[in-house]
Amino acid sequence: MAEINLGSDSKADNRAAGPEIPSSSQKPQKLIGNSEQKSDTYSTEELNDPAKIKVTIADASTPLIVLFGPPSCGKTMTLIRLTRYLRSINGYAIEPVTCFRPAHDKNYEEMCSGFNAMINSNEAAASTNKINFMLIKIYYKGKAICQILEAPGEHYFDPKEPKEPNKEFLPYINAVISSRNRKIWAIIVEPDKTNPNMDSQRGNYVSKITNKLKKNISPHDKILFVFNKIDETPFVLSPGKAHIKEAMKETNDLYPNIFIPFLNINPITRFWKPYNFDFIPFQTGNYSEAADGALMYQEGHDAYPANLWNTIIKLVRG
């Protein structure tokens, strides 16, 4: 299988430069809701059911990044690592989009107010509550660069759900799919024996990607495969660098035919670019158990979030 050219491999000391992104919007004042979200729209029961929560993507011009993957694949920690990295660079701001869910949704209000505490905590993020999906926005010097959807893995693919891989996405995910925003789908894959719930479910995960995701997203959407937990493989060359060809082969062995939906069928470009996606290695950091049983987190090398961010910027620029 041919190795993919990422276009901009990040070195260990590479820092994210201030990008110039087309169609970006100025940083708004902090919002709690909008005029279309009435306080009597939803009952308490409805707000406890993610299928009944209506979302509002107010900013249709700023690209959306969707971290797509099953439970325990590392989506939340990927967001935490990327947020910490960008906040260490002058000019970046990362904030929750408070108008994404109804103004009277107290659960979401608490999530937004507790976002910084979650990002700064040295304890590893626990499994995301099934109601806890949120939208964040990344700014550079006041200009919106992209939005990132954070959601429980069960909402994308639930390895314990008998209806998978034929289970439909929840309405809020379908709202994201049908939104006017340009989108980047960051599909997370993992090494063998790192997520026990997925050992026998990888084939169904591939089917979910093929039949429910690829068939419904826009042909203009971009695809990014993120091989998380790369430190659990023999493919690491140095921080942020890996044998991409071997990592891709391993991915295809573990998830047979996962790349097939993204074959490049252009009669000319397919000869030097066989697939319509990017592929990067990633590591969030290191984990150790404290005396009280808490799982403590120490962020890994900056090369990994730098490479992730540079690849996102490349895809956003399109």
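Could we say that Leu6 is at pLDDT below 95 and buried (at least 17 other Cβ atoms within 10 Å of the Cβ) here? Criteria not met by Leu6. In region 79-129, of all residues being among the charged types (D, E, K, R) and within 16 Å of Leu67 (Cβ to Cβ), the one that is surrounded by the fewest Cβ atoms within 10 Å (Cβ to Cβ) corresponds to Arg84.
Applying the criterion of at least 2 residues that are farther than 23 Å from Phe279 by Cβ to the strands (runs of 3 or more DSSP E) found wholly in region 97-199 leaves 134-140, 143-150.
Exactly one residue out of Gly240, Gly318 is crowded, with 19+ Cβ neighbours inside 10 Å, touching a strand residue (DSSP E or B) at 6+ places or on another chain (Cβ under 8 Å) and modelled with pLDDT under 95: that is Gly240. The residues on offer are Pro96, Pro152, Pro102, Pro162, and the sole one that is without any contact (Cβ under 8 Å) to a residue 24 or more places away in the chain and of a type outside the set (A, V, I, L, M, F, W, C) is Pro162. Checking Ile258, Ile217 one by one, the residue that is of a type in the set (Val, Ile, Thr), touching a helix residue (DSSP H, G or I) at 6+ places or on another chain (Cβ under 7 Å) and within 23 Å of Arg317 (Cα to Cα) is Ile217 and no other.
A count restricted to region 274-293 and to residues that are of a type outside the set (Val, Ile, Thr) and closer than 19 Å to Trp185 by Cα stands at 9. Within region 155-163, none of the residues are surrounded by 20 or more Cβ atoms within 10 Å (Cβ to Cβ), of a type outside the set (S, T, N, Q), modelled with pLDDT under 95 and under 29 Å from Ser288 (Cβ atoms). Do the conditions hold for Ala51, that is, is it out of contact with any strand residue (DSSP E or B) (no Cβ under 8 Å at 6 or more places or on another chain), modelled with pLDDT of 65 or more and surrounded by fewer than 19 Cβ atoms within 10 Å (Cβ to Cβ)? Criteria met by Ala51.
Residue pairs whose Cβ atoms lie under 8 Å apart, sitting 6 or more positions apart in sequence or on different chains, and linking a residue in region 186-199 that is in contact (Cβ under 8 Å) with a residue 24 or more places away in the chain and among the hydroxyl-bearing types (Ser, Thr, Tyr) to a partner that is outside any loop (DSSP other than H, G, I, E, B) and surrounded by 13 or more Cβ atoms within 10 Å (Cβ to Cβ), are Thr194/Glu232.
For every residue, the table says whether it meets (1) more than 13 Å from the chain's Cα centre (by Cα); (2) at pLDDT 95 or above.
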position	(1), (2)
Met118	yes, no
Ala125	yes, no
Tyr139	yes, yes
Gln147	no, yes
Lys167	yes, yes
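The values are calculated or read from the model by the stated rules, or taken from the named source; none is laboratory data. Only a predicted model underlies this, so the values are computations on that prediction, with no experimental measurement involved. Every residue, glycine among them, receives a Cβ derived from its backbone with ideal geometry; neighbour counts consider all protein chains shown.
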